Each structure stands twice: as C-alpha cells, then as structure tokens.
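The values are calculated or read from the model by the stated rules, or taken from the named source; none is laboratory data. All values derive from a computational prediction rather than experimental measurement. No Cβ is skipped: glycine too gets one built from the backbone with ideal geometry, and neighbour counts run over all protein chains shown. The accessibility values were calculated without ligands, DNA or RNA, using every heavy atom of the protein model including side chains. Shrake-Rupley method; radii C 1.70, N 1.55, O 1.52, S 1.80 Å.
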Amino acid sequence: YSYFECRRKKGSQFSEVVFFGLQYLLKKYLTGKIQEAKLFYQMHFKQSVFDEEGWRKVLEKHDGRLPVRIKAVPEGRIIPTGNVLFTVENTDPNFYWLTNYIETMLVQMWYPITVATISREFKKILAKHLKATSGSLEGLDLKLHDFGYRGVSSQESAALGGAAHLVNFCSTDTVAGLLMAQRYYSCPMAGFSIPAAEHSTIISWGRNREKEAFEQLLDQFTSGPVSVVSDSYDIFNACKHIWGDKLKERVMERSQDSCLVIRPDSGDPAETLIEVLKILEECFGSSLNSVGFKVLPSYLRIIQGDGIDLRSVDEILEKLSDEGWSAENVFFGCGSALLQKLNRDTLSCAFKCSYVESNGKGTDVYKQPVTDPSKGSKRGRLSLRRNSDGFLETIEKGAGKPEEDLLVTVFENGSLVKDYSLEEIRKNARLRDEDLNPTLHNHQQDLLHNHIMNGSH
C-alpha cells in the first residue's frame, strides 16, 4: 500500500496544488491488458531480472488485467500541500509487488499537477488585478494564453501540460492539449485562439514594407480579432506611425469583436507596455472605466508574451495600475514558465510505501531520514477528510472513517471506474472567495499553519 503527495516544505512558493492528469495516465497506460517484456529487460539489464512467472500469473489469473486499486482526490480539487492525493494497493495478495512496480509511471503525475497549479496561480494574480482595475472578472478565462507548445520536450508533454492549463483557462495555441482534453476528458473544444502574425510573416515583406505587411493582415482578417507582432524593428515607431497614423482609420473601423491585438515581443515588459499604452492613447484616445482606470478603445488591445512568469506578470500589472491603466487592456502569453521551467521538486512530489501485510499481519511503515526531516513519510492506510474547522487533513494509521474519506476509487483490476469530464474538473478548480481576497487567504493560511503545528494534521 503506497501513496502520492506533494510534500509541504518550509519556504515553498506553493501552499496548495491542483490535482489533475491521473485519468489520462490510467486510460493510456493501465487500463486493458499487459504485454510481455521478457526479452527487452534481458537486453537492458544483461541478466535475468524480469519476473516472467509473476507476469504470466497476471495473464492466467486476471486475464492480463492489473489487480490494483487506486483511490484519488477528484480531479480539479484544490488540496493543501502535505496531504495524500492518491493511494495504490494490490487487490490480490500474490501480486504485492505490483503496487510499487507502477510507481515510475504514476509519479509522472508531478507534471500535470505542477502545470495546473502554476496556471491557477497565474489566474489568482490576474483575477486580483482585473477585479481591482475593472470592477469585474469578465474575460478572465482568456487572459493567459498558452504559448508553450514549441518549448516542451515532446508531443506528450505538450498534450498533458496543455490540457493542465485548460483546467483554468480557455486560451491556448497548444493544439495537443485540446486533443487530449477531447479524447480523455470529454470536452469537444476546451480552448480558443485567434489568427496571429509571427515575425516571419512580417519581415518577409522587408523592413521598408512593414506597413504593407500589417495592412495585409487587416485585409485578410476583417472579422474576428487578429494579433500582430509589431516589434520586428521598432515597436514604438510601429505603434505611433503605422498603427496610429498610416493605418489609423483601418484600425478604428474594427469593433470589439474584431479588435486588433498588438504584440510587443522584446525589451523590459513593464516599461515597454507602459510606453506602448501611452503612444496608443495619444493616437486613439482612452476612457475611464467604472472604477476610474484607463481603457483603450474596444477595438484595440495588447498581448505580452515575452518574459512572462508568476513574478513578472504581477509586477507588470502593479506598474500598469500605478500608471492608471486597467488590466482590461492587456492579455498575456506564457510558454516555458508555464510548461517547461519546472520539475518534480517544484511541488516536492513523492510516492512512498506506508503499509504492508506479511503472514496476515498488517504493519504501518514509514521513512524518517535524520538528514532531512521534510522527507519523512506518512504511516499506515490513509484517508483525506475535511475536519470540523473546515480544513482538509490526512488521517494516518488507518484511523479515518470511510464515510468521511474524500478519496474516490478511480481504478480497480484493470478498469477505470470513475470518468471525469473537463467541465467537472473546471468546476472543482474554480477560484474561491479567499483566492480573490489576499487578506482573507493569508489569514486562512495562518490558521492552517497553526492547525498543522498543533499536530492535528
């Protein structure tokens, strides 16, 4: 009997995680029947280590289906770090070795959990600034666009990471993530995009014909938004003299539903954005929204996709707010910081054995390394419950009540027994009041910390 968690570590950037991606791994790799691998492992280890007899018994006794049970947190749920996220146990005592045999594959859950968690942290930051500078959260689901497809290590990483971002947002260029959401999470179309120029489609016209390149895009996409990268040579000149002068009337002809989205792609993000906004205001004007912040005309917006991570997006929006600009004016794109600049240690993900039975006797087991107390593991059979104070807590040593356990059986004996839709997952992951109120959130974190320090966790 083993379990998976994102350990709580002192000084960690993240206090909670979004659970996502297990259903894909189960459907893709564990449902159905095994295939023989004797020759492969003989070649790999150069000695006979493959348990041919054990796997033949799986074939003979269980028709090739894995006698394993996995209980897990419902996908999309927000769980404080340090809690059990799923447990794995063999359902046939003869196959005790299977539980940790599949550890390597299951621990790859670290990737979609980490991406979904980072994506949701972006959403908290964007929601905070959007609410403060516009008075509403309208358009929040489109505020962070996934630009990460080309920067990940594989198609599968793009699919799994892209789908994890779609738990929180509906804006993406990572088509592999859309296909995964469609195939494994019953969502016909999970995200959206708009036609967008890249540098090659601008510079191929030549430096002296940048205006013609821009105009061609306006001609080609007369309805619906269009994004145009405008820093191939001089972003400020492009905004002032091309968009704001030579093509000004063409831009003003567009509507909110067919707006021009200008994309800077170099320089200091905050400084560049502020200067671009000032130039566009001079050329096209601005108005004040209901909470007194400036907004460009509805036919004109900006997307910043260079240099974006959790820290920079907060800093950018703080500086824009200080200059009187609403977050309504800007969309963000994120690539490597969303899908690639992360690893298993980002959330301290771990899979450990906590209970064994030998000769009919059960024993709680654990690790407690003297050199690093944070790597201590949980003991016994585990359950997850919400206590009387409203906090989620892991109950160890088999002491939990089954009726209170929030872990759900999702896989048993080779079959998926719970199938979540992306719609359900998105509901589980939606922002809560405390996510929109930093003061309330910090207070709740203090209460949770005290609760843990008092030994209740």
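Going by the conditions given, is G64 more than 30 Å from Q368 (Cβ to Cβ), surrounded by fewer than 22 Cβ atoms within 10 Å (Cβ to Cβ) and modelled with pLDDT of 85 or more? Judged against the criteria, G64 is a match.
Can you confirm whether E5 is of a type in the set (D, E) and buried (at least 22 other Cβ atoms within 10 Å of the Cβ)? Steps first, answer last, please.
On the way: of a type in the set (D, E): yes; buried (at least 22 other Cβ atoms within 10 Å of the Cβ): yes.
So E5 passes the test.
Could you please find all residues in segment 412-431 being of a type in the set (D, E) and either in a helix (DSSP H, G or I) or free of Cβ contacts under 8 Å to residues at least 24 places away in the same chain (or both)? Quick ask: steps written out before the conclusion?
Looking only at segment 412-431, we keep the residues that are of a type in the set (D, E), and these are 412, 419, 423-424.
Hits for segment 412-431 are E423, E424.
For segment 362-389, a residue qualifies if it is assigned to a loop (DSSP other than H, G, I, E, B), more than 17 Å from F4 (Cβ to Cβ) and either touching a residue at least 60 places away in the same chain (Cβ under 8 Å) or open to solvent by 70 Å² or more (accessible area, probe 1.4 Å) (or both), and the qualifying residues are Q368, V370, T371, N387, S388, D389.
Determine whether segment 19-34 contains at least one residue that is of a type in the set (F, W, Y), in contact with an Asp or Glu (Cβ under 8 Å, 6 or more places away or on another chain), under 30 Å from T394 (Cβ atoms) and in contact (Cβ under 8 Å) with a residue 24 or more places away in the chain.
So the first thing to find is which residues in segment 19-34 are of a type in the set (F, W, Y), and the list is 19-20, 24, 29.
Checking the rest, the ones that are also in contact with an Asp or Glu (Cβ under 8 Å, 6 or more places away or on another chain) come to 19-20.
Now narrow it down to the ones that are under 30 Å from T394 (Cβ atoms): 19-20.
After this cut, where a residue has to be in contact (Cβ under 8 Å) with a residue 24 or more places away in the chain as well, the list is 19-20.
Within segment 19-34, one or more residues are of a type in the set (F, W, Y), in contact with an Asp or Glu (Cβ under 8 Å, 6 or more places away or on another chain), under 30 Å from T394 (Cβ atoms) and in contact (Cβ under 8 Å) with a residue 24 or more places away in the chain.
Which strands (runs of 3 or more DSSP E) does segment 261-361 wholly contain that include 1 or more residues that are out of contact with any strand residue (DSSP E or B) (no Cβ under 8 Å at 6 or more places or on another chain)? Break it down stepwise before answering.
Values: elements: 300-304, 330-334, 349-353, 355-358.
Because the criterion is at least 1 residues that are out of contact with any strand residue (DSSP E or B) (no Cβ under 8 Å at 6 or more places or on another chain), the strands (runs of 3 or more DSSP E) in segment 261-361 that meet it are 355-358.
Residues that are in contact (Cβ under 8 Å) with a residue 12 or more places away in the chain and not hydrophobic (A, V, I, L, M, F, W, C) within segment 390-404 comprise E393, T394, E396, K397, G398, G400, K401, P402, E404, listed in sequence order.
Here E434 passes the criteria (1) of a type outside the set (F, W, Y); (2) in a helix (DSSP H, G or I); (3) open to solvent by 40 Å² or more (accessible area, probe 1.4 Å) except the one numbered (3).
Take the residues in segment 322-343 that are surrounded by 15 or more Cβ atoms within 10 Å (Cβ to Cβ) and without any contact (Cβ under 8 Å) to a residue 60 or more places away in the chain, then tell me which one is farthest from G292 (Cα to Cα). So, considering only residues that are surrounded by 15 or more Cβ atoms within 10 Å (Cβ to Cβ) and without any contact (Cβ under 8 Å) to a residue 60 or more places away in the chain, the one farthest from G292 (Cα to Cα) is V330.
Among the residues of segment 72-101, the ones that are assigned to a strand (DSSP E or B) and either over 23 Å from D405 (Cβ atoms) or among the polar types (S, T, N, Q) (or both) come to 2 in all. Pairs meeting the criteria (first residue in segment 74-88 and under 23 Å from E412 (Cα atoms) and of a type in the set (V, I, T), second residue in a strand (DSSP E or B) and open to solvent by less than 10 Å² (accessible area, probe 1.4 Å), beta carbons under 6 Å, at least 6 apart or on different chains) are V84/Y3; V84/E5; V84/L384; V84/T394; T87/Y3; V88/S2; V88/I70. Kindly evaluate S223 against the criterion of being open to solvent by 30 Å² or more (accessible area, probe 1.4 Å), over 29 Å from the mean Cα position of the chain (by Cα) and free of Cβ contacts under 8 Å to residues at least 24 places away in the same chain. It is false that S223 is open to solvent by 30 Å² or more (accessible area, probe 1.4 Å), over 29 Å from the mean Cα position of the chain (by Cα) and free of Cβ contacts under 8 Å to residues at least 24 places away in the same chain.
Output the residues belonging to segment 382-399 that are over 22 Å from V17 (Cβ atoms) and not aliphatic (A, V, I, L, M).
S388, K397, G398
Residue-by-condition table, conditions (1) touching a helix residue (DSSP H, G or I) at 6+ places or on another chain (Cβ under 7 Å); (2) modelled with pLDDT of 95 or more; (3) open to solvent by less than 20 Å² (accessible area, probe 1.4 Å); (4) assigned by the TED database to the domain that holds T272:
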position	(1), (2), (3), (4)
S290	no, yes, no, yes
I302	yes, yes, yes, yes
D309	yes, yes, no, yes
D314	yes, yes, no, yes
L320	yes, yes, yes, yes
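All told, W97 meets the bar of being open to solvent by 40 Å² or more (accessible area, probe 1.4 Å) and more than 18 Å from the chain's Cα centre (by Cα). When E393, E403 are screened for being surrounded by fewer than 13 Cβ atoms within 10 Å (Cβ to Cβ), acidic (D, E) and at pLDDT 95 or above, only E403 passes.
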